[in-house]
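Below is one structure, written out as structure tokens; the observations come after it.
The values are calculated or read from the model by the stated rules, or taken from the named source; none is laboratory data. Nothing here was measured: the structure is a model prediction, and the numbers come from that model. Cβ placement follows ideal geometry from the backbone for every residue including glycine, while neighbour counts extend to all protein chains displayed. These accessible areas exclude ligands, DNA and RNA; they are computed on the full protein's heavy atoms, side chains included. Shrake-Rupley method; radii C 1.70, N 1.55, O 1.52, S 1.80 Å.
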Amino acid sequence: MEDRINSTSRRCVDCLVVKKVYDAFSRRECLENLPFEIEYPDECTNDYTFIRTEFGKATIENYESEPFFTEIDECHSKLKMVVGVPVYAVIKRNCDNKLFRVCAYPKCSGTVQRDNIVRFPVDASVYTPRQFLRQGRFEPYVESLVETGCANLMQNATLVLTLGFFFIIKVVTDVTLKIPNFGYCDAPEENNLSMDQKFCEVFLDDKQTPFPTFFPDDCK
């Protein structure tokens, strides 16, 4: 590998177009006891149990009609946008234990939102050299992680959630990077476990399925 990296052959280095991070910052938001409306798969609303919350990939929207970047000086601009995170509820139908993933629509002042996205405005100063900003080179990017605190499912299809949001917001642009090339990855090994393999034959073979340990180890 070392010889190949240090070789003067042009094939040892590749140029890849990637998104490079030029600036980034983190922030957190918390929503306490926010009501959400969920849609049950059928009319038997009393037959469901709340299991957990799930979340979609964070999205970026314009703040009203404003652009993402507004110049401040030669090196910085104001980043203004809205970050949105889709919210879902996983519920179980008790009669058959079937799970359903349904949208959770936020309710604000008694009004149910038309989509299941919780939104947060962002306003920050970021590093964006003017020469490249005016070429449309920069774009915002966001990563999110959400933690659920309290969750209570009411009888009127209202789910009350306390949610904590972590965001990493980045300013990125496409660049061309030179990287060492070790060649292409090998094809992975074939999965030989076919779907029609007889379970009992494998289960009764003590070499393929050894008898498990039934009891925990003594700790003295």
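Quick look at the numbers
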| read-out | value |
| --- | --- |
| For the stretch 130-142, 3J(HN,Hα) per residue [Karplus equation, 6.51 cos²θ - 1.76 cosθ + 1.60, θ = phi - 60°, Hz, x = Gly/Pro] | 4, 4, 8, 4, 6, 8, x, 7, 9, 8, x, 8, 9 |
| Net dipole in debye of the stretch 130-176 [+1 Lys, Arg Cβ; -1 Asp, Glu Cβ; about Cα centre; nearest 20] | 320 debye |
| Separation of the Thr49 and Cys200 label points, Cα + 7 Å toward Cβ, nm | 3.3 nm |
| Among the listed pairs Lys20/Lys80; Lys57/Lys80; Lys92/Lys170; Lys57/Lys98, those beyond 31 Å (Cα-Cα) | Lys92/Lys170 |
| Relative contact order for the chain, counting Cα pairs under 8 Å that sit 6 or more residues apart, in percent | 29 percent |
| Amide H within-cut-off set for Thr128, under 5 Å, with H built and near neighbours excluded | His76, Ser77 |
| Lys, Arg +1 and Asp, Glu -1 on Cβ, resulting dipole of the stretch 59-198 about Cα centre, debye, nearest 20 | 500 debye |
| Phi-based couplings in Hz for the stretch 29-36 (Karplus 6.51, -1.76, 1.60; Gly and Pro marked x) | 9, 9, 10, 10, 6, 8, x, 10 |
| R0 of 45 Å, Cβ-Cβ distance Glu74-Val112: FRET efficiency to nearest 0.05 | 0.45 |
| Inter-label distance, nm, simple model (7 Å from Cα along the C-beta direction), Asp217/Ala187 | 4.2 nm |
| Residues whose placed amide H lies under 5 Å from that of Asp23, excluding near-sequence neighbours | Val171 |
| Set of the stretch 111-152 residues, backbone N closer than 15 Å to the point 7 Å along the Cα-Cβ line of Val21 | 127, 139-145 |
| Accessible area in square angstrom per residue, the chain, 1.4 angstrom probe | 73 Å² |
